[in-house]
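Read through the structure below, which is laid out as C-alpha cells, and then see the notes.
The values are calculated or read from the model by the stated rules, or taken from the named source; none is laboratory data. Remember, predicted model here, so these are calculated numbers, not experimental data. With ideal geometry, Cβ positions are generated from the backbone for all residues, glycine too; neighbour counts draw on all protein chains shown.
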Amino acid sequence: MAELWAVTSAHSYISIKYEEEQDWFYVKWCGHINSDDVVTVAQTYLELQKEKRCPKLLNDKSEVTGEWEEANDWLEYEWKPDLEETGLVYMAMVLSRDMHDLVAAQDLQRRLSSLINVSLFYDLATAKAWLANPSKPA
C-alpha cells in the first residue's frame, strides 16, 4: 500500500509517495521548479523520513525545468545534518534533460556523498533497478 503527500505551487506539482513494498520514498517532480520548491519538499520529506526511516529515496526530476542549484547550500548545511539520523542510505536521482538540472544534481551528489550513496540516472527504470539492488554499481 502506498501513502501519498503533495506539495503544490502555481508552477509545479510534487508528490511524495511511500512505497511499502520497495521500502522507499518516491518523490515525483513536475513543472517548473525553483530553490524554494526544493527546500519545501526537502523539509516535508525529512519529516516523513523521520517517521518511516526507510533506507532508500527515489527522486524523479525527469519532468522538470528550472534552476534549483541555490538550494544546495541549504541542503548541505541545514538539511544534511538533520538527515543524518533518519536512516537514509541510498538516493537515486532521475534527471531531466535540462542542463541546469544536471549541474545542480552533480553538485548535490558531491555535497551529500559523505553521508549517503547518491547515483544519477536519465531513466526511471534504471534508477529503480539500481535502488532495488544498490550493492551493484550504477
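Picking from residues in region 13-50 that are under 22 Å from residue 130 (Cβ atoms) and of a type in the set (Gly, Ala, Ser), the one that is nearest to the chain's Cα centre (by Cα) is 42.
On the stretch given as region 91-111, residues that are more than 17 Å from residue 29 (Cα to Cα) and touching a helix residue (DSSP H, G or I) at 6+ places or on another chain (Cβ under 6 Å) total 2.
Residues of region 70-128 that are of a type in the set (A, V, I, L, M) and not in a helix (DSSP H, G or I): 88, 89, 91, 92, 93, 94, 95, 115, 116, 118, 120. Give me the pairs, please: first residue somewhere in region 44-61 and more than 16 Å from residue 79 (Cβ to Cβ) and in contact (Cβ under 8 Å) with a residue 24 or more places away in the chain, second residue anywhere and part of a helix (DSSP H, G or I) and of a type in the set (A, V, I, L, M, F, W, C), beta-carbon distance under 7 Å, and either six or more positions apart or on two chains. From residues that are more than 16 Å from residue 79 (Cβ to Cβ) and in contact (Cβ under 8 Å) with a residue 24 or more places away in the chain, the pairs are 56/131; 58/127; 58/131; 60/124. Close contacts from region 3-15, counting a first residue that is part of a strand (DSSP E or B) and a second that is charged (D, E, K, R) and at pLDDT 85 or above, with Cβ to Cβ under 6 Å and a gap of 6+ residues or different chains, come to 4/17; 12/37; 15/28.
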